[in-house]
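The values are calculated or read from the model by the stated rules, or taken from the named source; none is laboratory data. Note that this is a predicted model, so its numbers are computed, not measured. No Cβ is skipped: glycine too gets one built from the backbone with ideal geometry, and neighbour counts run over all protein chains shown. Ligands, DNA and RNA are excluded from the accessible area calculation, which covers all protein heavy atoms including side chains. Shrake-Rupley method; radii C 1.70, N 1.55, O 1.52, S 1.80 Å.
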Amino acid sequence: LARGSLVHDVLHRVRCQGAIALAAEQVGVAQQCLDLTLAYTGQRHQFDRPVASFQAVKHRCAQMLVALESARSAVYGAACMADTDPDLAVLMFYAAQARVAATEAALFCSREAIQLHGGVGFTWEFDPHFYLRRAQAASQRLGPVSWWLEQVAGQLLDAPEVVS
């Protein structure tokens, strides 16, 4: 029967790896929201023009893409780092970065998808509301974003050279 710090370290490492996997799922949510939004705004017409041709809509979609790609990069980096079997503090740092970026991207992209779908974003005929609920539920799994930020802040305040 395992006890003590060994069990704590194993459980902590598994939690970090689970957070990276959850972050990858959240990147998928954000990607699907962007894809749905681009398809919808491309086919929806207003003033005899596709809604996607309006500058304000383009800017909002571009913001979704930036959030998505930043989160994707963080998740790839964390997965790559986890594959090298790093020190627990380093793994926590990268897992937290991926978890926070992916959670914020999924929430942002799902909210924007609903807004850019207009009044039909909440209806059963369109899917953005499913992704918003999924993003909201996933934001609390394995600890909320605030918990991950506190862990990294504690590391940086205790030993800033650990993650540099």
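Please identify the pairs in which a residue from region 116-128 that is within 16 Å of VAL29 (Cα to Cα) and modelled with pLDDT under 70 has its Cβ atom under 7 Å from the Cβ atom of a residue that is in a helix (DSSP H, G or I) and open to solvent by 50 Å² or more (accessible area, probe 1.4 Å), counting only partners at least 6 apart or on another chain.
Within 7 Å, the pairs are GLY121/GLN115.
Might you let me know whether region 28-38 holds any residue that is open to solvent by 50 Å² or more (accessible area, probe 1.4 Å) and either assigned to a loop (DSSP other than H, G, I, E, B) or of a type in the set (Lys, Arg) (or both)?
So far as region 28-38 goes, no, none of its residues is open to solvent by 50 Å² or more (accessible area, probe 1.4 Å) and either assigned to a loop (DSSP other than H, G, I, E, B) or of a type in the set (Lys, Arg) (or both).
Filter region 101-120 for residues that are crowded, with 23+ Cβ neighbours inside 10 Å and among the polar types (S, T, N, Q); which is farthest from PHE54 (Cα to Cα)?
THR103
Conditions: (1) farther than 25 Å from TRP147 by Cβ; (2) in contact with a helix residue (DSSP H, G or I) (Cβ under 7 Å, 6 or more places away or on another chain); (3) among the β-branched types (Val, Ile, Thr). VAL66 meets all but one. Number of the miss?
That leaves (2) as the condition not met.
Contact list please: Cβ distance under 9 Å, first residue in region 82-106 and within 23 Å of CYS33 (Cα to Cα) and modelled with pLDDT of 95 or more, second residue open to solvent by less than 30 Å² (accessible area, probe 1.4 Å) and not in a helix (DSSP H, G or I), pairs at least six apart or on different chains.
What qualifies is ARG99/GLY143; THR103/SER139; GLU104/SER139; ALA106/SER139.
Among (1) buried (at least 22 other Cβ atoms within 10 Å of the Cβ); (2) over 15 Å from GLY28 (Cα atoms), there is one condition ALA98 misses while meeting the rest; what is its number?
Result: ALA98 fails condition (2) only.
Take the conditions in contact (Cβ under 8 Å) with a residue 24 or more places away in the chain, surrounded by fewer than 17 Cβ atoms within 10 Å (Cβ to Cβ) and over 12 Å from the mean Cα position of the chain (by Cα) and apply them to LEU157. Does it pass?
For LEU157, the condition - in contact (Cβ under 8 Å) with a residue 24 or more places away in the chain, surrounded by fewer than 17 Cβ atoms within 10 Å (Cβ to Cβ) and over 12 Å from the mean Cα position of the chain (by Cα) - is not met.
Which of (1) touching a helix residue (DSSP H, G or I) at 6+ places or on another chain (Cβ under 9 Å); (2) assigned to a helix (DSSP H, G or I) does GLY143 not meet, given it meets every other one?
Single failed check for GLY143: (2).
Residues of region 1-25 being in a helix (DSSP H, G or I), free of Cβ contacts under 8 Å to residues at least 24 places away in the same chain and touching a helix residue (DSSP H, G or I) at 6+ places or on another chain (Cβ under 9 Å), which ones?
Passing the criteria: only ALA21.
If you check ALA79 against the conditions, is it within 19 Å of ALA101 (Cβ to Cβ) and of a type in the set (Gly, Ala, Ser)?
Judged against the criteria, ALA79 is a match.
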